[in-house]
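Novice: The following block contains the structure, expressed as structure tokens.
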Amino acid sequence: MAEPTVDLATKIGELGASLSTIKETVQNLGADLTAKVQAGGTVTAELKEATDKALSELGDVTTRLGDLEKRAAREKEAVEDGYKSLGDMVIESAAYKAGNLTGASRGAIKVTADRAAITSANTTVGAGRSAGTSLIPGARVAGIFGLPERQLTIRDLLLPGQTSSNSVEYVKETGYTNAAAPVAETTAKPYSDLTFDMATAPVRTLAHLFKASRQILDDAPALKSYIDGRARYGLKFVEENQLLNGSGVGQNILGIVPQATAFAPAFTPAGETAIDRLRLAILQVILAEYPATAFVLNPIDWAKIELTKDAGENYIIGNPQGSLTPTLWNLPVVSTQAMAAGDFLTGAFSYAAQIFDRMEIEVLLSSENVDDFEKNMFTIRAEERLGLAVYRPEAFVTGDVNPA
């Protein structure tokens, strides 16, 4: 597998160093701002301007660094021998091509997908499969309609990881008080208060079953679209909601929103708007010693923000003719119906939370379920196993989008 070009790797390193410097500057300015507010002092225009500028630079560098990292990942994938979807893997597997799927040739096909650049598969064939001619792709696609997909990107925001266990034990940071200060020689040094708790992220299974006719299994393009459009999408749809809102009760994942810190702004500006509140939420994440990396909003709330106009009836955020990635305060905006209307979530997604995949998406096709053989049907099962660890809840902030 090819590595990113030296020039690209250098740029990533330079932006990473710049991000650390800007983060330190923002933390210092934020601490000054909070101290003045708590002391009842007046926040000068110069301090507000410097804080705004530093936050803008932080968001810009974070976005650019994320874009470069995605570009580096695409360069690695480009040298692979072609990307294959889950449906491609099923219809191109040796087991599927070799099987005569009629009459007494009953059995099962199991394909496990690598969630990253998928180029190969582990295939298991049930007993009773007989050799036959290679499958010739048919042209019948009538009656197969894909579900209307929404953009699912929460997984892409989080740190990736893997585990071979049924649970992941990790250290959760529960508090931090920075007591660092200038001290004279021979005097006692102040203690900062940093507290941790041991936490466990159980691995949960997401799965579903559905039926497919004998005719679809004989039609390679139809089967491919059926698997990609139903099996994989169904899991991603539920996964999105679990990663955000899972209650942690029973077999549910404990999502980010239930663990996030409630919105508590350092100050309240005059004439507060939704855009102001999201800006203050960024500041709250920064004061928790982490950089915010994205916003998650319901499509309704994001549409309201995009439609905000100034006194001259000009759009402030949205551009009816634009096609750029949605951003606010230089951070990407993830618009998903998995987020409750009226609420927002922001935080250090790429630093303070991580997904642990126990089993990548697996698809199993079998004709030996209930009365499938009698009705000339197949049962398709798709499932995955994963856990979610939130290392620092204070690095995520959630609350009402609109002022009271």
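The values are calculated or read from the model by the stated rules, or taken from the named source; none is laboratory data. Values in this document were obtained by computation on a predicted structure and should not be read as measured data. Here the Cβ positions follow ideal geometry from the backbone for every residue, glycine too, while neighbour counts run over all protein chains shown.
Novice: Is it the case, given these coordinates, that G66 is at negative phi, modelled with pLDDT under 75 and not hydrophobic (A, V, I, L, M, F, W, C)?
Specialist: yes
Novice: Which of the residues belonging to segment 365-383 are within 30 Å of V168 (Cα to Cα) and surrounded by 22 or more Cβ atoms within 10 Å (Cβ to Cβ)?
Specialist: I380, A382
Novice: Could you look through segment 205-251, keep only residues that are part of a loop (DSSP other than H, G, I, E, B) and more than 16 Å from the chain's Cα centre (by Cα), and pick out the one that is surrounded by the most Cβ atoms within 10 Å (Cβ to Cβ)? Working first, answer last.
Specialist: Step one: list which residues in segment 205-251 are part of a loop (DSSP other than H, G, I, E, B), which gives 218-219, 246, 248-251.
Right, trim to more than 16 Å from the chain's Cα centre (by Cα) and you get 218-219, 248-251.
Values: D218: 16, D219: 21, G248: 16, V249: 7, G250: 6, Q251: 11.
Among those residues, the one meeting the criterion is D219.
Novice: Now for a separate question. Does segment 6-46 hold any residues that are out of contact with any Pro (no Cβ under 8 Å at 6 or more places or on another chain) and of a type in the set (D, E, K, R), and which are they?
Specialist: Across segment 6-46, the qualifying residues are D7, K11, E14, E24, D32, K36, E46.
Novice: Also, quick follow-up: Starting from segment 34-61, keep only residues that are free of Cβ contacts under 8 Å to residues at least 12 places away in the same chain, then list their pairs with residues that are surrounded by 12 or more Cβ atoms within 10 Å (Cβ to Cβ) and among the aliphatic types (A, V, I, L, M) whose Cβ atoms are within a distance under 7 Å, requiring at least 6 positions of separation or different chains.
Specialist: Correct list of pairs: K36/V43.
Novice: Using the structure shown, decide if A50 is under 17 Å from P269 (Cα atoms) and either in contact with a Phe, Trp or Tyr (Cβ under 8 Å, 6 or more places away or on another chain) or modelled with pLDDT of 70 or more (or both).
Specialist: yes
Novice: Related question: Given the structure, is A292 hydrophobic (A, V, I, L, M, F, W, C), within 21 Å of T268 (Cα to Cα) and assigned to a loop (DSSP other than H, G, I, E, B)?
Specialist: When the stated conditions are applied, A292 passes them.
Novice: Just to verify a result, which residue in segment 259-271, among those that are surrounded by 15 or more Cβ atoms within 10 Å (Cβ to Cβ) and under 15 Å from F344 (Cβ atoms), is nearest to the chain's Cα centre (by Cα)?
Specialist: A260
Novice: Another question, if that's okay. Working only within segment 278-301, note down all residues that are modelled with pLDDT of 90 or more, of a type outside the set (A, V, I, L, M) and touching a strand residue (DSSP E or B) at 6+ places or on another chain (Cβ under 8 Å).
Specialist: The answer is Q284, T293, F295, N298, P299, D301.
Novice: For segment 299-310, what are the residues that are over 23 Å from the mean Cα position of the chain (by Cα) and assigned to a helix (DSSP H, G or I)?
Specialist: Once the filter is applied, which keeps residues that are over 23 Å from the mean Cα position of the chain (by Cα) and assigned to a helix (DSSP H, G or I), segment 299-310 yields only K304.
Novice: For residues that are modelled with pLDDT under 60 and of a type in the set (S, T, N, Q), tally how many sit in segment 69-95.
Specialist: Number of matching residues: 0.
Novice: Out of the residues in segment 13-31 meeting the condition of being surrounded by 15 or more Cβ atoms within 10 Å (Cβ to Cβ) and within 22 Å of A181 (Cβ to Cβ), tell me which one is farthest from the chain's Cα centre (by Cα). Step through it out loud before you land on a result.
Specialist: First pass over segment 13-31, keeping only residues surrounded by 15 or more Cβ atoms within 10 Å (Cβ to Cβ): 15, 18-19, 22-23, 25-27, 29-30.
Pick out the ones that are also within 22 Å of A181 (Cβ to Cβ) and you get 23, 25-27, 29-30.
On the way: K23: 23, T25: 28, V26: 26, Q27: 26, L29: 30, G30: 28 Å.
Of everything passing the filter in segment 13-31, L29 is farthest from the chain's Cα centre (by Cα).
Novice: Cβ-Cβ under 8 Å, sequence separation 6+ or interchain: first residue in segment 244-272 and more than 26 Å from D156 (Cα to Cα), partner outside any loop (DSSP other than H, G, I, E, B) and not hydrophobic (A, V, I, L, M, F, W, C). Which pairs?
Specialist: A264/Q284; P265/R277; P265/Q284; A266/G30; A266/T34; A266/Q284; P269/D276
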